[in-house]
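Undergrad: Pasting a structure here, questions to come.
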2 protein chains.
Amino acid sequence: MPEASLILHHYWRSSASYRARIALNLKGLTYAIEPVNLLEDGGQQHAVGYRLINPQALVPTLVHDGHAIGQSLAILEYLDEVFPEHPLLPIEPLDRARARGIALYIASEGQPLMNLRVLQHLEQLHGFDSDAKNAWVRHWLAISFTNVERQLTDSARTGAFAMGSAPGMVECCLVPHAFAAARFGLDMAPYPTVSKIVDNCLVLPAFVSAHPGRQPDTPAEFRLSE
Amino acid sequence: MPEASLILHHYWRSSASYRARIALNLKGLTYAIEPVNLLEDGGQQHAVGYRLINPQALVPTLVHDGHAIGQSLAILEYLDEVFPEHPLLPIEPLDRARARGIALYIASEGQPLMNLRVLQHLEQLHGFDSDAKNAWVRHWLAISFTNVERQLTDSARTGAFAMGSAPGMVECCLVPHAFAAARFGLDMAPYPTVSKIVDNCLVLPAFVSAHPGRQPDTPAEFRLSE
């Protein structure tokens, strides 16, 4: 099937969108990007047209030959099933479980607590000011990186990347999580294994072009020059 | 391999533990239960011994022939790969993506915001009283059920269960989420499709024996008599 049949509906700064871009790039797939601005029009993800392709009103959505798929980790699993080259998951069930366990930990225990919608709710209904929101985010970031660091250092499977010699599903989640950490000013010094893996990723073309600073909808002040 | 090699480390009331119990039951597997009390000893999930099998310090952990697997959805995927009978996921990639998308939505957008550790943090650091905590939980429960209801009613795939005629990964997540909703007093009337699917599940033996009211560590006051 032609690669031009892949469309990613995303937001430049969303961690979940960033995961999907990395995965598509790691697989060497060509895709079109359709921006969904979470800050404009009361959140374009709530528009009726967008909800037709994603009833969860979230980014990203991958549309493949007209079929819409939501949830970043479901997109990664789908890509691995339909485009098996450059696998995101290892082969053995226990290895797959370990990779999924780390990815799911970041996606379901680390990141949801610092989503834009959660921060907006804490501000609007519970009176959190900027300092309180930043403290909240850094609290959950620190816990999540502490646990991921422990899990990575505990295992002989960890090498240049979480599962050995190539990046995959774990790195699709870890790199956007580290991007959020930098944005909220978290000191990464206590997490040397995480930091080393992230550094190993950031020089790879798949991660370079997936970076939030290099998207069609990146605002000028956040755009990376190179 | 002998079924007695499966041990589930769980907490009776944890949604993620409940998911794993349903999945094991749907597959007809026999397993031993090891309770981990999240409220005693400052949280038994933080004990050094438990962290050896689960560095994320979370429940559940499935130990299969001495190999530990964390994160409920990774456990479900693992069970489907290693014990393919009574599949939790459909066969076609797009169907699998839909089932995973709903399950991940509940597990990563709905449930993490109402975890015990989040509620404890809101109380201890941000002064949330009981009313504020309940309002917080009901807010996120309502959003998540609204979106799941929309996703289920939008699709011709929805039948007696989310993917047709048998429960699977979606129901492993949906039923514990509805249990949390009942606990926090959410009115389920606006979600008739969700409610119907949950009702269809609750009469099945796999769901009956997985219920938090029927576990070895269920406190007497929460124990179901039948």
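Just so it is clear, none of the values below were taken in a lab; they were calculated from the coordinates. Note that the structure is a prediction, hence the values are computed from the model and not measured. Using ideal geometry, Cβ is built from the backbone for each residue, glycine included, and neighbour counts are taken over all protein chains shown.
Undergrad: Would you mind getting me the FRET efficiency between A:Glu221 and A:Ser155? Use the beta-carbon distance for r and R0 = 35 Å, nearest 0.05.
TA: On the way: r = 40 Å, r/R0 = 1.14.
Here the calculated transfer efficiency is 0.30.
Undergrad: Further question: Assuming 0.36 nm per residue, please report the length gained on full extension of the stretch A:Ser209 to A:Ala189 beyond their Cα-Cα distance. All intermediate terms of the calculation are to be shown ahead of the outcome.
TA: Working: separation 20, 0.36 × 20 = 7.20 nm, distance 2.58 nm.
Difference between extended and current length: 4.6 nm.
Undergrad: Using a label point 7 Å beyond Cα on the Cα-Cβ vector, give me the inter-copy distances for B:Ile91 in nanometres, one decimal, shortest first.
TA: Result for B:Ile91, in nm, nearest copy first: 2.5.
Undergrad: Moving on to the next point. Mind checking which lysines have their Cα closer than 24 Å to the Cα of A:Lys196? Skip sequence neighbours fewer than 8 apart in that chain.
TA: Cα-Cα hits under 24 Å: A:Lys27.
Undergrad: At a Förster distance of 60 Å, what's the computed FRET efficiency of B:Ser130 paired with A:Asn37, Cβ-Cβ distance as r, to 0.05?
TA: Working: r = 38 Å, r/R0 = 0.63.
For R0 = 60 Å, the calculated efficiency reads 0.95.
Undergrad: While we're looking at this one, here's another question. Test of the criteria: in segment B:67-114, which GluC sites (Glu not before Pro) are in a DSSP loop and have at most 15 other Cβ atoms within 10 angstrom of their Cβ? Mind dumping the intermediate values first?
TA: On the way: sites: B:Glu77, B:Glu81, B:Glu85, B:Glu109; in loops: B:Glu85.
Counting only loop positions with at most 15 other Cβ atoms within 10 Å, the GluC sites (Glu not before Pro) in segment B:67-114 are B:Glu85.
Undergrad: If we hang a label 7 Å off Cα along the beta carbon direction at A:Glu221, how far is it from the matching labels on the other copies, in nm, shortest first?
TA: Output for A:Glu221: 5.2 nm, nearest copy listed first.
Undergrad: If you don't mind, another one. Can you tell me the order of B:53-65, A:27-39, A:122-134 when each peptide is scored by its average per-residue count of other Cβ atoms within 10 angstrom, highest first? Mind dumping the intermediate values first?
TA: Numbers: B:53-65: 21.8, A:27-39: 16.4, A:122-134: 13.2.
In decreasing order of mean packing, B:53-65, A:27-39, A:122-134 become B:53-65, A:27-39, A:122-134.
Undergrad: Would you work out the Kirkwood radius for segment A:33-106? I mean one over the mean of 1/r across all pairs of different Cα atoms, in Å. Kindly include the intermediate steps, with their values, before the conclusion.
TA: On the way: mean 1/r = 0.0714 Å⁻¹.
Here the Kirkwood hydrodynamic radius works out to 14.0 Å.
Undergrad: In whole Å, how far is the Cα centre of segment B:108-126 from that of segment A:169-226?
TA: If we compute the Cα centre of each part, the gap is 27 Å.
Undergrad: Once you average over the residues of A:150-160, how many Cβ atoms of partner chains fall within 10 Å of each Cβ? Display every interim value, and only then the final one.
TA: Details: counts 4, 5, 1, 1, 3, 1, 0, 0, 0, 0, 0.
Mean partner shielding for this stretch: 1.
Undergrad: Take the alpha carbon atoms of segment A:4-36, find their center, do the same for segment A:74-104, and report the distance between the two centers in whole angstrom.
TA: Answer, in whole Å: 17.
Undergrad: Compactness ratio of the protein assembly as shown: Cα Rg over 2.2 N^0.38 Å, N = residue count?
TA: Values: Rg = 20.7 Å, N = 452, 2.2 N^0.38 = 22.5 Å.
Output field value: 0.92.
Undergrad: Right, next: Placing +1 at every Lys and Arg Cβ and -1 at every Asp and Glu Cβ, with all other atoms neutral, what dipole size does chain A have around its Cα centre, in debye to the nearest 20? List each step's numbers first, then the result.
TA: On the way: 17 positive and 23 negative charges, 51 e Å.
Computed about the Cα centre, the dipole is about 240 debye.
Undergrad: Take each complete run of DSSP H in chain A, measure how far its Cα atoms stretch along the helix's own axis, and keep only those covering 20 Å or more with mean Kyte-Doolittle hydropathy at least 1.6; list them.
TA: none
Undergrad: Also: How about segment A:173-226: which trypsin sites (Lys or Arg not before Pro) there are in a DSSP loop, with at most 15 other Cβ atoms within 10 Å of their Cβ?
TA: Details: sites: A:Arg183, A:Lys196, A:Arg214, A:Arg223; in loops: A:Arg223.
Filter output for segment A:173-226: A:Arg223.
Undergrad: Students often forget the sequence filter, so: which lysines lie under 20 Å Cα-Cα from B:Lys133 once same-chain residues fewer than 8 apart are removed?
TA: Partners within reach: A:Lys133.
Undergrad: A:Gly66 label points, 7 Å along Cα→Cβ, one per copy: pairwise distances from this copy to the rest in nm, shortest first?
TA: 5.4
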